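A short worksheet on the structure shown next.
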Amino acid sequence: MSVVAPPEALPAVADRAGFAAASGATAAQMADLDRYLLRLTEANAVMNLVGPSALADFWSRHAWDSAQLAAVAPDALTWADLGTGAGLPGVILAILGKGRPGFHIDLVDSLAKRCRFLTGVVEELGLPARVHNARAEALALKVEVVCARACAPLHRLLGFAEPYLRRGATGLFLKGQDVASELEEATRYWDFDADILPSQSDVRGRIVRVRRLGRVRKT
């Protein structure tokens, strides 16, 4: 595994204006993000999709944390977001990819009520996305990038992502400050190549980029 050096300075994203400046989102994309935030706020009152306190920091903690993945794989057109939950990072990426020829993202979640919420968002905003009410490991979609955020510890997440990685996808997994211990645990079960990239949204965060995955052979 290798660690990629952090950037000289992290973009200052504290609010909506900061996100727009850092991400380069268009006025139309910002309007879609506003509508998504409204729907998320309404649904969160009855479904607890994200922590209420975290929702107050939507632009930095959720939107920018998700959007940074687009810059890590700028040429990728087909994505799958595993355990997408409220649609993070998948809905953010779909909004930023809307109108881009060939762009598509599959939103995968096993909970039906979350999928109903996501389907409503996708339809209302006309996003280039499809919602799958299924367990991630039960699908074997052919995509360029498989991603996840706050889904599971890395050793379990790699199991969910294995069918996608075996079909040629690159894994981009948003992780927090415990990434070192998660990586160590994952090596007990998996043989993989990974780069550890700095997060653009939190100095404590990391992005684990996985390009090869195999199971550890037991002796």
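The values are calculated or read from the model by the stated rules, or taken from the named source; none is laboratory data. Not measured: the values here are computed from a predicted model. We place every Cβ from the backbone using ideal geometry, glycine too, and count neighbours over all the protein chains shown.
Taking each residue of region 206-219 that is farther than 7 Å from Asp191 by Cα and in contact (Cβ under 8 Å) with a residue 40 or more places away in the chain and looking for partners that are among the polar types (S, T, N, Q) and part of a strand (DSSP E or B) with beta-carbon atoms closer than 8 Å, six or more apart or interchain, yields Arg209/Thr170; Val210/Thr170; Arg211/Thr170. Of everything listed in (1) at pLDDT below 95; (2) under 19 Å from Ile207 (Cα atoms); (3) in a helix (DSSP H, G or I); (4) not basic (Lys, Arg), the single unmet condition for Ala67 is (1).
In the condition set (1) closer than 20 Å to Ala80 by Cβ; (2) at pLDDT 95 or above, Glu124 is compliant with all but (1). If you filter region 195-216 down to residues that are under 17 Å from the mean Cα position of the chain (by Cα) and aliphatic (A, V, I, L, M), you find that the one that is farthest from Pro153 (Cα to Cα) is Leu197.
Is it the case, given these coordinates, that Phe103 is surrounded by 16 or more Cβ atoms within 10 Å (Cβ to Cβ) and out of contact with any Phe, Trp or Tyr (no Cβ under 9 Å at 6 or more places or on another chain)?
For Phe103, the condition - surrounded by 16 or more Cβ atoms within 10 Å (Cβ to Cβ) and out of contact with any Phe, Trp or Tyr (no Cβ under 9 Å at 6 or more places or on another chain) - is not met.
With Ser201, Ser181 as the choices, which residue is under 29 Å from Trp59 (Cβ atoms) and among the polar types (S, T, N, Q)? Exactly one of Ser201, Ser181 is under 29 Å from Trp59 (Cβ atoms) and among the polar types (S, T, N, Q), namely Ser201. The sole residue among Ala63, Ala22 that is farther than 19 Å from Val121 by Cα and buried (at least 20 other Cβ atoms within 10 Å of the Cβ) is Ala22. Scoring Ile196 on the criteria (1) in contact with a Pro (Cβ under 9 Å, 6 or more places away or on another chain); (2) surrounded by 15 or more Cβ atoms within 10 Å (Cβ to Cβ); (3) hydrophobic (A, V, I, L, M, F, W, C); (4) within 22 Å of Arg61 (Cα to Cα) leaves a single failure, condition (1).
For every residue, the table says whether it meets (1) among the small types (Gly, Ala, Ser); (2) modelled with pLDDT of 85 or more; (3) assigned to a helix (DSSP H, G or I).
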residue	(1), (2), (3)
Ala9	yes, no, no
Ala14	yes, no, no
Gly18	yes, yes, yes
Arg35	no, yes, yes
Ala45	yes, yes, yes
Val50	no, yes, no
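Restricting to region 128-142, give me the number of residues that are in contact with a Leu (Cβ under 9 Å, 6 or more places away or on another chain) and either of a type in the set (D, E, K, R) or in contact (Cβ under 8 Å) with a residue 60 or more places away in the chain (or both). Total meeting the criteria: 2. Does Trp79 satisfy the condition of being within 19 Å of Leu165 (Cβ to Cβ), modelled with pLDDT of 95 or more and surrounded by 23 or more Cβ atoms within 10 Å (Cβ to Cβ)? Taking the combined requirement at face value, the residue satisfies it.
For the criterion of being closer than 28 Å to Leu183 by Cβ, buried (at least 17 other Cβ atoms within 10 Å of the Cβ) and at pLDDT 95 or above, Pro74 fails.
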